[in-house]
Amino acid sequence: MKKRFVARRPSPAMLVAVIALVSSLTGGAVAATLIDTGDIKKGAVTKKKLHKNAVNSKKVKNKTLKAKDFADGQLEQGVQGIQGLQGEKGEKGDTGARGPSDLYSASRSAFVASPATISVDVPAGSYLVVAKVSPFNASGATSQGSCNIFAPDPTKADTAFTERVTNNFEGTPVALNAAIAPSDTTTVSLTCSGGGLTYGRMQLQVLQVETLH
């Protein structure tokens, strides 16, 4: 008569003993297959728990690191690229309106007898006129003369020169100014005369401005 064998359910202690025996015989290989990502609590593996040099090139997925992941100076600077072609020259822009800075001038350094005149032609516009001249007395007696800026609007011209010039003496330079606004091309002049004086170092400057106030 044959004996029947009945399989008994292993006790918990027996299961622990078997697992321990398998681990001792196979090392950590079996244990590694028994633990997956689901067994690790989120955030449980921290930087401090990683062994030094545990993460190497084989553990990093290719083309996943970025330049900001490396310390300064770790990445070599690339070779400078070839300079691009020069762009096409742009078209010339339209000529703008004439600005308010045109200057017209005339001068004469030599001393000449009265009436001594210098002049300059200016187009229509608004102008400031500045003039300067030195009188000289060689007539043998104290004398005086006058100088005027002549422009289209004489009410805006400045007349000045009342200084008495003694014999053989060059008087103080005379300064004059005016503001004019001719509506067409006109002549602006500086004229000095009277007293038997000669006049030199004459300067006349007419500066265009945007507006007159």
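More than 21 angstrom separation, counting every C-alpha pair in region 103-209; what % is that?
32
Listed highest first by mean packing, meaning other Cβ atoms within 10 Å per residue, what order do 182-189, 73-80, 126-133 come in?
My ranking of the peptides, most packed first, is 126-133, 182-189, 73-80.
Quick note: the coordinates plus some simple rules give every number you see, no bench work behind them. Note that the structure is predicted; figures quoted are calculated from it, not measured. Here Cβ is always computed from backbone atoms with ideal geometry, including for glycine, and neighbour counts include all displayed protein chains.
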